[in-house]
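A short write-up of the structure that comes next.
The values are calculated or read from the model by the stated rules, or taken from the named source; none is laboratory data. Not measured: the values here are computed from a predicted model. Positions of Cβ are backbone-derived with ideal geometry, glycine not excepted, and every protein chain shown enters the neighbour counts. Side chains included, ligands, DNA and RNA excluded: accessible areas come from the protein's heavy atoms. Shrake-Rupley method; radii C 1.70, N 1.55, O 1.52, S 1.80 Å.
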Amino acid sequence: MHLNRRRLLGAGLATMAAATVAYAATPKKSLPKHPVIVGHRGAPGYLPEHTIPGYELAIKMGADFIEPDVVSTSDIHLIVRHEPLLSVTTDVADHPEFADRKRTRRLDGIDTTDFFTCDFTLAEIKTLRARQAFRDRDHSHDGLYQVQTLQEVIDLVHAKARETGRAIGIYPEIKHSTFHQQLGLAMEDKLLDTLNRAGLDKASSPVIIQSFETANLKYLRKKTTIRLMQLIDGSDTDPDTGAMILKAPSDKPYDWVVAGRAGDNRDQLSAAGLNEIATYADIVAPWKRHLLSFAKGKPVYRRDIIDNAHALGLQVHTWTMRNDQLDPCYNGDAQKEYFDLFGLGVDGVFTDFADAGVKARDAWSRALNPQV
């Protein structure tokens, strides 16, 4: 995923006024009363992504789910990294013993030169240390934390659920499914086995599996009742019209490219596309700019996408909320963006700053339920 997501307010009427035009124009009964907050890669607004301390911080901040992105090692261990690439988020380049591992591979149709997780064993991966991926965020924790396995993240969630007495969900994303399959490192069955052993094997389990590709989710639907989520990518928006711009590799699912299927991500969000998604997934998660973009500084709302998805029984989540990457129209007030999306009817958001997400969500819930 590459882009964003969530005041205590006084009287109800004052809160309604602050919650934007999108809120005011939407029937109260149709709004999500308690949107889900997902700690996107843990709490990377504060700590290096996909680390145990990062996940712990997101949980402490009140996130409902934490999100581990899942990739494979050469010996088919599932580890958590945003991509099957290591140079940006680890200190791999500082390890002379791995200098010869840097190579060029074709990743979703793009020649990419990096250190790939598929060229390392788990034991080798465990010698690396995580780094903050964003240049302008705190780097004081760089080099302190290991790269984790998916199992270690699941163990953490179970321990924290026992410790806090509250349900904590896990929201794993299968990264680059076709890329891994072509290397003989398919992750789908391995992921299911890992979740099943952990007792996370039912539709009611606090787990949701997500992917940008479609074929793997259709495959999983035949094998499990675990909730599935279809991610919908995007590249940019036209600053004059707010219209979505799509460029490879973010224009369509890569399994569509391999299969020669026509269409793009806008088709996935059409009435027909959403109807297809509803046959195998429980949630659809477009990049937030599909739902809320800006034309000459004015918001452009696509409530029709959310309404159509809801009519099919699909929940709508979106991503990524980032306090430090707000559109100028919000004047640095992250809560306004959360309220815009909640006002459109979004059921959940992924955020790099779980504390901001929980604070905005709780203020939203109190506004809709002032008696609580």
Strands (runs of 3 or more DSSP E) completely within the range 32-123 that count 1 or more residues being modelled with pLDDT of 95 or more, open to solvent by less than 10 Å² (accessible area, probe 1.4 Å) and out of contact with any Gly (no Cβ under 8 Å at 6 or more places or on another chain): 36-40, 69-72, 78-80
Yes/no for Ala272 being part of a helix (DSSP H, G or I), of a type in the set (A, V, I, L, M, F, W, C) and closer than 30 Å to Gln182 by Cβ: yes
Where Pro253 falls short, out of the listed (1) closer than 25 Å to Thr112 by Cβ; (2) over 17 Å from the mean Cα position of the chain (by Cα); (3) buried (at least 16 other Cβ atoms within 10 Å of the Cβ): (2)
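Okay, residues lined up against (1) out of contact with any strand residue (DSSP E or B) (no Cβ under 9 Å at 6 or more places or on another chain); (2) open to solvent by 10 Å² or more (accessible area, probe 1.4 Å):
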{"site": "Lys126", "(1), (2)": "no, yes"}
{"site": "Ala130", "(1), (2)": "no, no"}
{"site": "Leu156", "(1), (2)": "no, yes"}
{"site": "Arg162", "(1), (2)": "yes, yes"}
Residues (under 15 Å from Thr279 (Cβ atoms) and open to solvent by 20 Å² or more (accessible area, probe 1.4 Å)) located in the range 188-222: Ala215, Lys218, Tyr219, Arg221, Lys222
